[in-house]
Amino acid sequence: MQNFLRFEGKSTFTSLETILFIREVIEAYPEHREAIFSKICTSFAEIKSHLVIRVALWIIGEYAMNQKEIDQAFGAIKRNVGSLPIYPKLEDGESGHTQVESKDEDSGPEIVTKTVVLKDGSYGTQTVVIDDAAKKAKALSHQDEENYLPLRYALIHTEDDYLASCLAVSMTKLAIKTKKNMSKNFKPMVVESVLILCAMLKSPHRQQTTMSSGKKTKRADLDSMQRMQFCLKLLTQPQSLT
């Protein structure tokens, strides 16, 4: 069974057949649910195909029974989403499929000024200089996350709105179960879920409908968008999570 639950090195078709079979087994044989559920959570990063990730998300959202399993499932999701924001910031007029053009080497470091609270309670300003090395390190870190986190990679590069909605629904299910368990993890889980949801809704193809050239970009799936917005509404109104 342990070897059967491995996804690494399998083709998309084989992995999809595997996860669909697992879905049937976990429903039909309750005595094996705990072991199968735990294995899916720990091997989540091995799943490369966004089609397979959809089913895995549904399984861990549906079959997390106790708070330990709920925390394990949410932890697996959070690890594989990675840091926020999910999508790199685009310059004006830039589409979601182009990279940000590098600035001239002589443009100098970026200077950021922000407001801070001083020790005496008054407000002041603080100037931070971000050199090219720091910016490159940040970009490299973002790229590394894409390379090693298949869920994050799928969210960025496949423009699969249904995958994003499956992720939103799974997080909302886990939050509802946590509330019913009256766990202290409820509020942190809701906050982190809302942040991830908002980050997903910031996808360039959901924000932009036209390119500077006038060509149409891929339009967002309205059904999936509405499902994500509904999940966001539920999470921001805890009294409705019953």
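Among the listed residues GLU34, GLU8, which satisfies the condition of being modelled with pLDDT under 70 and of a type outside the set (Lys, Arg)?
GLU8
For region 8-84, give me every one of the helices (runs of 4 or more DSSP H) that falls completely inside it and has 2 or more residues that are under 24 Å from CYS198 (Cβ atoms).
Counting at least 2 such residues, we get 50-62, 67-81.
Among the residues of region 193-212, how many are modelled with pLDDT of 70 or more, in contact with a Gly (Cβ under 9 Å, 6 or more places away or on another chain) and farther than 14 Å from GLN229 by Cβ?
Number satisfying all stated conditions: 2.
The values are calculated or read from the model by the stated rules, or taken from the named source; none is laboratory data. Only a predicted model underlies this, so the values are computations on that prediction, with no experimental measurement involved. Here the Cβ is made from the backbone with ideal geometry for all residues, glycine too, and neighbour counts use every protein chain on show.
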